[in-house]
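For reference, the structure is listed below as structure tokens.
Derivation of every value follows stated rules applied to the coordinates shown; laboratory data play no part. Just so it is clear, the model here is predicted, and its values are computed rather than measured. Positions of Cβ are generated from backbone atoms using ideal geometry, with glycine treated the same way; all protein chains shown enter the neighbour counts.
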Amino acid sequence: MTTPYSLLIRNASAILTGLAGDAMRHDVVTHGADIRVRGDVIEAIGTLDAQPGERVIDASGSVVMPGWVNTHHHLFQSLLKGIPAGINEGLMGWLSAVPVAYRRHFDHDEVMRVAARLGMVELLLSGCTTVADHQYHYYPGMPFDASAAVFDEAEALGLRFVLCRGGQTIVRAIDVNPPPQVRPETLEQFFTAVERDVHRYHQAGPRPMRQVVSAPTTPTWSVPVEHLKPMAQEARRLGIRLHSHLSETVEYVTYCREVHGCSPVEFVGRHDWLGEDVWYAHLVHLTPEEIQTLAETRTGMAHCPQSNGRLGSGVAPAPELMRAGGRVSLAVDGAASNEAADMFHEAHTAWMVHRAVKGPGALSTDEVIRMGTAGGAQVLGLQGVGTLAPGQAADLVVLPLNDPRQWGLHDPAVAPVACGAARPSHVLCAGRLVVDGGVIPGLDMEKLHAQADDAVRHMQKAMA
């Protein structure tokens, strides 16, 4: 029998566990500053001696923390950053000018793969080990397999990947001059595609590398009301979770009240779209009653502060939901509405924006770490991911404090949040070194850069 691969991380200046309260900060002085990884899990944390043949990573002057869990992204948008027609638009104008208009260019396999690869590389280099991608670019007669494209790219990079299989089953009234690539599927086509992806990719257990989620783009605009309950029922029959956007803007809330006579949270509740197997992106505009409902039903939030700020949507009550006992996670959203889809940057923004609005007690750095690690794993139902403890997934980040922005710190444990953007020296996912010495093994970064530039030039020429 082959002995599992073993790796020792030694002499960390701080270890953040992702656990709640005082347990967040492992006492490296009293309880040791070393972590042993064996196979795909953490074997021990403490004062540990190196074993024969074991690789040793010196984490002196570094913070070690769980890999970030990004619970909402649109990876295809990684090639749609900073488009002038949408840079100063709110959500509705931006939707028409950017993701709807530019979906016409994602009509072949290679452009989808380049976009997905680019987005995942940016995430990996910001310490993210689990990505939930809300991939809604599907349409009847699509000439390539978009699900296979994103799963293949995630596997090549070693990421833990959750496909939130999106789409629409109605022509959305909010889409202005949509191209053919925005055509809706029928409900039967949607069900068939989701079930096919579940059979191909979905894994069970506490530490799966691949999962599939049923995720129509929005419950109010992307599907007829009569499709919502069948979608929820079908997902639960398949044993998968549910995800969508909700309450992103004031206009969204107004529409729901005018058309359906209730709040968005009340609306989805009427159609079986609340529960611990459901989470929503944004949830920016919530009443106290909606916050309580979300907490009581254990329905999750993917908090996207940078995208919400970039589009002028507002500041989501993430701390309020968290303190009500709700499930809150952190996400970057698509790069078309967040040109820096970087988890360290997202964490820094979350910490700053809530304190700016609600005061210095609104959110601590430890709470942001928990939101972006264990909180994300909880929302995704990944019981063995998101915390540093023996038996948990070996998804972790070594962050050296070697940049001037991090020098002079009296408490190194605040660095991953308080100091903003950072570059890890090492990232492990399921025990595999997916970033080693600050680089992604086997990746031709210059080639990826050239491919991204070529794709952008093609789009600009076609749209001129």
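If the only charges are +1 at each Lys and Arg Cβ and -1 at each Asp and Glu Cβ, what is the size of the charge dipole of the chain around the Cα centre, to the nearest 20 debye?
100
Using alpha-carbon pairs under 8 Å, 6+ residues apart, how would you state the relative contact order of the chain in percent?
Once divided by the residue count of the chain, the mean separation gives 21 percent.
Size of the stretch 396-464 along its principal axes in angstrom, Cα-based, largest extent first?
Answer, in whole Å and largest first: 52, 29, 18 Å.
Which value, in Å to one decimal place, does the Kirkwood hydrodynamic radius take for the stretch 363-442 when every pair of different Cα atoms is included?
Its Kirkwood hydrodynamic radius stands at 13.9 Å.
Under 27 Å Cα-Cα from LYS461, which lysines qualify once same-chain neighbours fewer than 8 residues away are excluded?
LYS81, LYS447
For a quick protection proxy, order the peptides 284-293, 256-265 by their average other-Cβ count within 10 Å, most packed first.
Answer by packing, highest mean first, reads 284-293, 256-265.
Whole number please: convex hull volume per residue of the Cα set in the stretch 262-351, in Å³?
94
Amide H to amide H under 5 Å from HIS72: which residues, 5+ apart in sequence or cross-chain, H placed 1.01 Å off N in plane?
ALA132, VAL332, ASP333
Using the Karplus curve 6.51 cos²θ - 1.76 cosθ + 1.60 with θ = phi - 60°, work out ³J(HN,Hα) for each residue of the stretch 374-384 in order, rounded to whole Hz, and write x for Gly and Pro.
4, x, x, 4, 5, 4, 7, x, 9, 5, x
Could I get the Rg over Rh figure for the stretch 35-96? Both from C-alpha atoms, Rh via Kirkwood, rounded to two places.
Rg/Rh for the stretch 35-96 comes to 1.30.
Return the FRET efficiency for the residue pair MET463, GLU110: r is the Cβ-Cβ distance, R0 is 25 Å, and the value is rounded to the nearest 0.05.
My answer for the efficiency is 0.85.
Roughly how many nanometres apart are two label points built 7 Å out from the Cα toward the Cβ at HIS449 and ARG196?
Distance between label points: 3.8 nm.
If the chain between GLU188 and ILE170 were fully stretched, how many nm would it gain, using 0.36 nm times the residue separation less the Cα-Cα distance?
Stretched out fully, the GLU188 to ILE170 stretch lengthens by 5.2 nm.
Using all Cα-Cα distances in the stretch 206-319, what percent lands in each 5 angstrom bin from 0 up to the longest?
Distribution as computed: 2, 12, 22, 25, 20, 12, 5, 1, 0 percent.
At what distance in nm do the modelled label points of VAL250 and ALA156 sit from each other, each positioned 7 Å from its Cα along Cα→Cβ?
Result: 4.5 nm between the two label points.
Could you give the alpha-carbon Rg of the stretch 156-200 over 2.2 N^0.38 Å, rounded to two decimals?
1.48
Please work out the ratio of the alpha-carbon Rg of the stretch 315-464 to 2.2 N^0.38 Å and round it to two decimals.
Ratio of Rg to 2.2 N^0.38 Å for the stretch 315-464: 1.21.
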